[in-house]
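K.L.:
Mind having a look at this structure? Questions to follow.
The values are calculated or read from the model by the stated rules, or taken from the named source; none is laboratory data. Here the structure is a predicted model, which is why all the values come from computation and not from measurement. In this analysis, Cβ positions are derived from the backbone assuming ideal geometry, glycine residues included, and neighbour counts consider all displayed protein chains.
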Amino acid sequence: MNVKAKAHRINEMILAKEIRVIDDEKKQLGVLTPMQALAIAREKNLDLVEIAPQAAPPVCRIIDYGKFLYEIRKQEHESRKHQKQIQIKEIKFRPKISTHDYDFKMRHILRFLEEGNKVKVTVMLRGREKQKPELGIKVLDKVLEQVKGLGAQDGDIRKQDWSVSALLIPSKTGGKDAKAKNTQGSPKEVQGNGEKENPAQ
């Protein structure tokens with residue numbers, strides 16, 4: 001809930017004929033008229049805040065309005081803290097990648113998926129390879145086979161003139177509260193540039 005985006009009716013702004021009231025000690029006071037509830041709030045130098053306008057009757061709370069907004073902001077902060085950040089990493093291959101470099105990059109893919117991140121696997125095509133996208137798809141198929149159990153393909157393989165790519169999603173993403181964050185990470189970690197490909201293979 002965004003505090004700024006949602007306006008709360010308070011005190012004389014509450015228009016319902018009857019309301020269900022919770023006092024400042026979170027005790028149920030039952031169903032009262034807004035005037036009755038406001039009188040109780042005024043005696044305590046507090047506000048009457050409508051917290052559930054859709055309820056029948058609407059639910060109102062006796063509380064300092066500033067404290068009420070602070071509690072909401074605190075709840076939002078705690079909620080954001082517990083959200084898992086799912087990152088999208090990218091690993092780049094070549095159709096003729098050496099076995100050593102392939103294994104090096106696969107270790108990164110498997111680790112990223114284990115950590116709950118998404119992985120974009122891209123096979124770069126050059127020269128005559130652009131006329132044979134099946135060479136890149138062959139590499140993708142091999143990768144997909146190796147990640148079974150940890151991840152799976154999300155959507156279709158994307159084809160471009162210079163590459164083919166697939167998005168892998170982890171089997172466990174951290175639940176509904178997880179949110180994606182697109183980041184490329186460090187070149188060495190993500191693209192595996194710490195190991196050079198062998199162009200002769």
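K.L.:
Search region 117-134 for residues that are without any contact (Cβ under 8 Å) to a residue 40 or more places away in the chain and pair each with any residue that is among the hydroxyl-bearing types (Ser, Thr, Tyr) when their beta-carbon atoms are under 8 Å apart and the residues are at least 6 apart or on different chains.
P.N.:
MET124/SER163; LEU125/SER163
K.L.:
Can you tell which of ILE14, ILE62, ILE72 is more than 30 Å from ARG128 (Cα to Cα) and modelled with pLDDT of 95 or more?
P.N.:
The match here is ILE62.
K.L.:
Checking the structure you have, find out if any residue of region 30-40 is assigned to a strand (DSSP E or B) and touching a residue at least 12 places away in the same chain (Cβ under 8 Å).
P.N.:
Yes.
K.L.:
Which residue is surrounded by the most Cβ atoms within 10 Å (Cβ to Cβ), if the candidates are limited to region 84-116 and must be among the polar types (S, T, N, Q) and within 25 Å of the chain's Cα centre (by Cα)?
P.N.:
Residue satisfying both the conditions and the ranking: GLN87.
K.L.:
Any idea how many residues of region 92-116 are farther than 20 Å from ARG126 by Cα and either assigned to a helix (DSSP H, G or I) or in contact with a Cys (Cβ under 7 Å, 6 or more places away or on another chain) (or both)?
P.N.:
The total comes to 12.
K.L.:
On to the next question. Kindly provide the set of residues from region 46-73 that are without any contact (Cβ under 8 Å) to a residue 12 or more places away in the chain and over 15 Å from HIS8 (Cβ atoms), ordered by number.
P.N.:
The one that is without any contact (Cβ under 8 Å) to a residue 12 or more places away in the chain and over 15 Å from HIS8 (Cβ atoms): ALA56.
K.L.:
For the structure I just gave you, tell me whether ARG73 is closer than 26 Å to ASP156 by Cβ and surrounded by fewer than 16 Cβ atoms within 10 Å (Cβ to Cβ).
P.N.:
no
K.L.:
Follow-up. Provide a single number: the residues in region 158-171 that are touching a Ser or Thr at 6+ places or on another chain (Cβ under 7 Å) and either outside the structural domain of THR122 (by TED's automatic domain parsing) or under 18 Å from LEU113 (Cβ atoms) (or both).
P.N.:
Number satisfying all stated conditions: 1.
K.L.:
Let me ask something else. For region 130-151, how many residues meet the condition of being buried (at least 18 other Cβ atoms within 10 Å of the Cβ) and assigned to a helix (DSSP H, G or I)?
P.N.:
The qualifying residues number 5.
K.L.:
Could you tell me whether SER79 is closer than 30 Å to LEU150 by Cα, among the small types (Gly, Ala, Ser) and surrounded by 12 or more Cβ atoms within 10 Å (Cβ to Cβ)?
P.N.:
Here the answer is no, as SER79 does not meet what is asked.
K.L.:
If you don't mind, there's one more thing I want to ask. Looking for whichever is crowded, with 16+ Cβ neighbours inside 10 Å, within 19 Å of the chain's Cα centre (by Cα) and assigned to a strand (DSSP E or B) here; the options are VAL119, VAL123. Which one fits?
P.N.:
Answer to the check: VAL119.
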